[in-house]
Amino acid sequence: MTHDHDLVLRPTEAQTRAALNPPPGRNGGDLVVETLQGLGATTVFGLPGQHALGMFDALRRSSLRYVGLRVENNTGFAADAYGRITGEVAPLLLSTGPGALTSLAALQEAAAGSSPVLAIGSQVPVAGLGGGRHGYLHELRDQQASFRDVVKSVHTVRTASQIPSAVAAAWQSALTAPHGPVWVEIPQDVLLAETTLPVVTAVDATPHEVVPRPELTAVAADLLTRAERPAIIAGGGVVRADASGKLRALAERLNAPVVTTFGGKGAFPWEHPLSLQSWLEDRHTTDFLEDADVLLVVGSGLGELSSNYHTFKPRGRVVQIEADLGKLESNHAALGIHADARIALSALLETVGERPDPAAPERVRQVLAAVRERIDGQELTLEQDVLAAVRAALPDGSPSFWDMTILAYWAWSAFDARRPNTMHSAQGAGGLGYGFPAALGAAAADPTRPVLAVSGDGGAMYSIAELASAKQHGLDVTWLIVDDGGYGILREYMADAFGEATGTELARPDFVALAESFGVPGVRTSPERLRDDLAKALAEPGPSVVVLPAVLRMFAPTHLG
């Protein structure tokens with residue numbers, strides 16, 4: 001009788017010869033690079049540092065494409081976007097101490113956005129591990145402790161033989177739903193030490209599937225089939241699971257209106273008769289969702305933004321499908337189904353019944369009309385015109401990456417992403433500086449389409465150094481900078497709360513001249529010329545900058561009473 005553990009793949013004669021005679025001059029860094037190649041990586045992001053040089057030296061002996069940025073945090077944002085666009089693991093190579101710590105804000109965004117980033121950092125020599133104060137450069141008492149609360153899993157290597165298994169385990173963790181960033185750290189002397197270990201070839205790191213319990217999907221299907229006023233909230237988990245087609249099929253079978261969260265933009269067609277679009281920061285939408293007798297929440301934890309700042313109070317039965325166990329029923333009691341969105345929606349489609357409801361599109365139309373009336377009553381024509389110009393200039397298949405800026409806040413609610421997985425922002429963790437470096441990562445992932453980045457002048461200053469990276473790598477990114485002379489949204493918040501703003505006004509450079517000093521073409525535009533100038537910049541190969549001097553305002557909130 002043969003057991004599963006007896007099924008060991010036997011090497012070929014050629015593989016055996018290669019294993020017995022590994023090429024000379026390899027070190028621990030080669031084991032890292034070989035493992036990444038064996039796992040299927042083709043591109044790595046990074047920024048070298050003294051303790052990590054063994055990894056970077058190994059890159060020149062590999063076929064991996066290296067994309068280097070100028071600041072570790074920006075490099076992390078680029079890797080995040082690469083993971084979002086491809087759905088594959090994005091390796092990120094970092095150095096010890098300051099280099100590693102500078103990446104933490106980017107890894108927090110990757111965690112909030114469930115992006116599979118594999119961060120591999122160096123460490124002080126093995127003798128320095130364990131909290132002793134040996135005085136090594138970049139030494140921390142417990143470097144991995146800085147990452148443990150941010151990433152999905154932490155993996156520490158102490159010998160060269162541990163490298164392939166540790167990297168493979170981290171890879172598997174990053175790709176198991178919910179996707180997320182992981183941290184591997186390897187001491188400097190392990191990376192530099194010569195190794196006679198065989199060359200790493202194929203490595204198995206198959207992610208675990210998160211499959212729903214069948215009795216739960218059966219109950220959910222029954223609730224939805226018998227519902228009088230069902231509704232669906234579709235979150236980022238639908239996009240990451242590539243489940244938008246299944247979501248649409250389920251919504252149409254149930255005649256259930258669908259609203260997408262800001263992280264779930266594009267998960268459901270914007271102009272569909274059942275689409276409530278993304279107006280979650282509007283009381284009309286909140287009221288409609290509260291009135292649902294059965295509310296299906298797919299791939300969302302119903303956090304602060306998705307719940308209209310926790311003012312949402314459902315009165316009906318909630319069914320929540322969520323791959324992140326920590327988010328399941330974390331905000332509202334529900335029939336909680338721990339599962340990947342695609343697998344769970346497939347299960348529902350197998351059992352849910354047809355539910356005729358010819359009045360559903362009219363109810364959706366009434367909600368959207370009420371939202372439109374509220375926005376139109378606030379004299380915000382400039383803001384809507386600017387957003388419309390961006391939408392008209394951006395090709396349908398091109399991804400866009402939005403920093404934390406007023407135009408992005410508008411886009412969360414009002415921008416038609418048109419296709420799944422094409423609109424991304426830093427709304428998960430909310431840090432500044434995301435838009436441009438993330439767009440560079442997306443352009444590295446798919447050079448066939450131009451990419452748009454949108455920043456305010458404050459957020460843009462976090463990423464100016466990456467103009468050099470964009471030029472060096474020839475990345476096809478157009479950067480729209482909305483220059484309002486400061487931190488615009490904070491200016492609004494403080495003026496509303498305290499009567500005046502403090503610390504929000506900023507001196508800034510001539511962004512066009514600065515871009516041109518990097519060899520990147522730039523243009524200063526106006527709201528009237530924005531569509532044409534942006535379309536022209538997007539059509540030209542390579543990086544470009546479009547600067548729009550404009551003071552935009554936010555629409556009035558509905559969650560303050």
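Coordinate-derived values only; no laboratory data. Because the structure is predicted, anything quoted here is derived from the model rather than measured. For neighbour counting, all protein chains shown are included, and Cβ atoms are generated from backbone atoms with ideal geometry for every residue, glycine included.
Given N residues in the chain, what is its alpha carbon radius of gyration divided by 2.2 N^0.38 Å?
So the chain has a normalised radius of gyration of 1.02.
Each label point is 7 Å from the Cα along the Cα-to-Cβ direction; what then is the distance between the points at HIS134 and ALA535, in nm?
6.2 nm
Distance in nm between label sites at HIS559 and HIS310, each 7 Å beyond Cα in the beta-carbon direction?
Here the modelled spin labels are 1.0 nm apart.
Pull up the cross-link candidates among the lysines for LYS327, meaning alpha carbon to alpha carbon under 23 Å and not fewer than 8 places away within one chain.
LYS152, LYS246, LYS265, LYS313
Students often get this wrong: which residues of the range 349-393 have the backbone nitrogen under 17 Å from the point 7 angstrom along Cα-to-C-beta of VAL219?
Under cut-off, by backbone N: 352.
Quick one: what do you get for the range 486-542 if you divide its Cα Rg by 2.2 N^0.38 Å?
Rg over 2.2 N^0.38 Å, computed on Cα atoms: 1.58.
In Å and whole numbers, how far do the C-alpha atoms of the range 345-433 stretch along each principal axis, longest first?
For the range 345-433, the Cα spread along each principal axis is 45, 33, 27 Å.
Rg(Cα) of the range 429-483 divided by 2.2 N^0.38 Å?
Expressed relative to 2.2 N^0.38 Å, the Cα Rg reads 1.05.
Helix-only estimate, please: 222 nm mean residue ellipticity of the chain, summing -39500 (n - 2.57) across DSSP H runs of length 4 or more and dividing by its residues, to the nearest 500.
-11000 deg cm²/dmol
Largest first and in whole Å, what are the equivalent-ellipsoid semi-axes of the range 124-246 based on the Cα gyration tensor, each being the root of 5 times an eigenvalue?
For the range 124-246, the ellipsoid semi-axes come out as 44, 19, 11 Å.
Relative to the longest principal Cα axis of the chain, at what angle does helix 214-226 sit, 0 to 90 degrees, rounded to 10?
20 degrees
Kirkwood Rh over alpha-carbon pairs of the range 401-517, then Stokes-Einstein at 37 °C and 0.692 mPa s: what D in µm² s⁻¹, rounded to an integer?
In µm²/s, the coefficient is 219.
LYS471: which lysines have alpha carbons under 28 Å from its alpha carbon, excluding same-chain residues fewer than 8 sequence positions away?
Answer for LYS471, where 28 Å is the Cα cut-off: LYS536, listed by chain and number.
Pull up all non-local amide H partners of MET423: gap of 5 or more, or a different chain, and H-to-H distance under 5 Å with H placed in the peptide plane.
Residues meeting the criterion, in which the H sits 1.01 Å from N, are SER400.
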